[in-house]
1. State yes or no: is VAL226 more than 24 Å from ALA187 (Cβ to Cβ) and within 16 Å of ligand 2 (Cβ to nearest atom)?
2. In the list VAL156, VAL183, which residue meets the criterion of being farther than 20 Å from ASP340 by Cα, within 16 Å of ligand 2 (Cβ to nearest atom) and touching a Leu at 6+ places or on another chain (Cβ under 7 Å)?
3. Can you tell me which residue is most open to solvent (accessible area, probe 1.4 Å) among those in segment 115-142 that are within 17 Å of ALA321 (Cβ to Cβ) and away from ligand 1 (no atom under 16 Å from the Cβ)?
4. Looking at segment 205-244 only, could you name the residues that are open to solvent by 40 Å² or more (accessible area, probe 1.4 Å), closer than 20 Å to VAL183 by Cβ and modelled with pLDDT under 95?
5. Any residue that is in contact (Cβ under 8 Å) with a residue 60 or more places away in the chain and within 16 Å of ligand 1 (Cβ to nearest atom) - is there at least one of those in segment 155-164?
6. Would you confirm, using the coordinates I've provided, whether LYS145 is near ligand 2 (Cβ under 10 Å from one of its atoms), open to solvent by 10 Å² or more (accessible area, probe 1.4 Å) and basic (Lys, Arg)?
7. Restricting to segment 148-170, count the residues that are open to solvent by less than 10 Å² (accessible area, probe 1.4 Å) and in a strand (DSSP E or B).
8. Going by the structure shown, is VAL249 open to solvent by less than 40 Å² (accessible area, probe 1.4 Å) and within 14 Å of the chain's Cα centre (by Cα)?
Amino acid sequence: MMINHFFPFCFNFRKTVYSSLLKSSDVGFKFTLTYCYWDVCETSRLETASKFSIRSYTLLTGEINVSHEEALDILKVAWHRKGMDVKSPQIGSLLAGAKTAWDLLCEEKTVKHIITSCADLDLILGGGINCKEVTEVGGVPGIGKTQLGIQLAINVQIPKVYGGLGGQAVYIDTEGSFMVERVIQIAEACIQRLKGMSCSNVRKEEEDHRKLHVDDFLSNIFYFRVCNYTEQIAAVNHMDKFVEEHKEVKIIIVDSVTFHFRQEFEDLALRTRLLGGMAQKLMKLAVKYDNAVVLINQVTMKVSGGSFQLAPALGETWSHACTNRLILYWNGNSRSAYIDKSPYLQSASAPFLITPEGICNVGCNKSIKMPQ
Ligand code: ADP
Ligand code: MG
């Protein structure tokens, strides 16, 4: 946004002098102007050198009416001046943000998880709910979606000394199903389990135990109650600023994401657009702030090949909004979950229980197994 305030200054200057000078073949001129442009950007803290990439290239091309080659030239000069690598003249490498597959692999290894407290479920999820991704949790009413949401809001706070993230949670409640009494119950159980975990340093263990209080768990959950879709969109739009100011937030849970959109809409095209926009914002947040985003959703029955299948509410138009989709379902009288959609997880299912202590494994092993 700031960039818009800044550009008139920068490019008014350009319109008079810059473009005519650019026509000159004198690299010195280009260099001086580019460097000036660069420095104003930097001092205005609009773009740092490392971010000066595809956007700068497109902006330069469009804003100052130069060809792609000229924009490329200008950036190369600027990069050279800033000591950045300009060896490869290809546009691909020009995009300073470009990454190699190796970078991606290294990044993947550092992705953090939030455990669900059900070891089997964590196993099929690859260690728990992934940060930097949007995970949709679907299921019929009463199956345990809100319970899982609350459990995650607690588990994200597990201190780092116990292998957790020591983070905070945002809970956007559209249905009014977030019950503080239940949060207290699950937090108390989590604290008990953590105290049961062994730690090599006894004194440190005592210190850490003293720090575990239910009150702290409660004050680390930021709760937003939204009563209609307008409030929901406003809350999501506000999240960027909120998370910027609360850097410890490591999970954003929306329970449920489609509730108001199912109730209040007749214009289906508008509904799809609004939901799509909201999903995109949440995806950006997940990546920008290293957050896990959990979108709780209802499911409906879909007939497929003569049999009934569970499908997330609002159909497939919504399906691109999440990276992974976990469906909770009844398997007879027992609860199970399966990976319905993921670009990297195998489709698999795992049984889970809901007890007074929260979500846990069938055969409830009370110890917590943290992701490696
Ligand atoms: P959903 O959000 O999918 O509609 P919930 O997450 O609200 O469903 O799950 C409600 C179910 O969780 C209840 O039907 C009950 O089986 C279980 N549950 C809730 N609280 C407790 C508790 N204190 N002890 C045991 N089970 C509980
Ligand atoms: Mg619910």
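1. For VAL226, the condition - more than 24 Å from ALA187 (Cβ to Cβ) and within 16 Å of ligand 2 (Cβ to nearest atom) - is not met.
2. VAL183 is the lone residue from the list that is farther than 20 Å from ASP340 by Cα, within 16 Å of ligand 2 (Cβ to nearest atom) and touching a Leu at 6+ places or on another chain (Cβ under 7 Å).
3. Step by step, filter segment 115-142, then rank; the result is LYS132.
4. Hits for segment 205-244 are LYS211, HIS213.
5. Looking through segment 155-164, none of the residues is in contact (Cβ under 8 Å) with a residue 60 or more places away in the chain and within 16 Å of ligand 1 (Cβ to nearest atom).
6. Yes; evaluated as a whole, the condition is true for this residue.
7. 2
8. yes
The values are calculated or read from the model by the stated rules, or taken from the named source; none is laboratory data. Quick caveat: nothing in here was measured; it's all calculated off a predicted structure. When we count neighbours, we look across all protein chains shown, and the Cβ atoms used for this are built from the backbone with ideal geometry, even at glycine. Ligands, DNA and RNA are stripped out before the accessible areas are found, and what is left, the full protein with its side chains, is counted by its heavy atoms. Shrake-Rupley method; radii C 1.70, N 1.55, O 1.52, S 1.80 Å.
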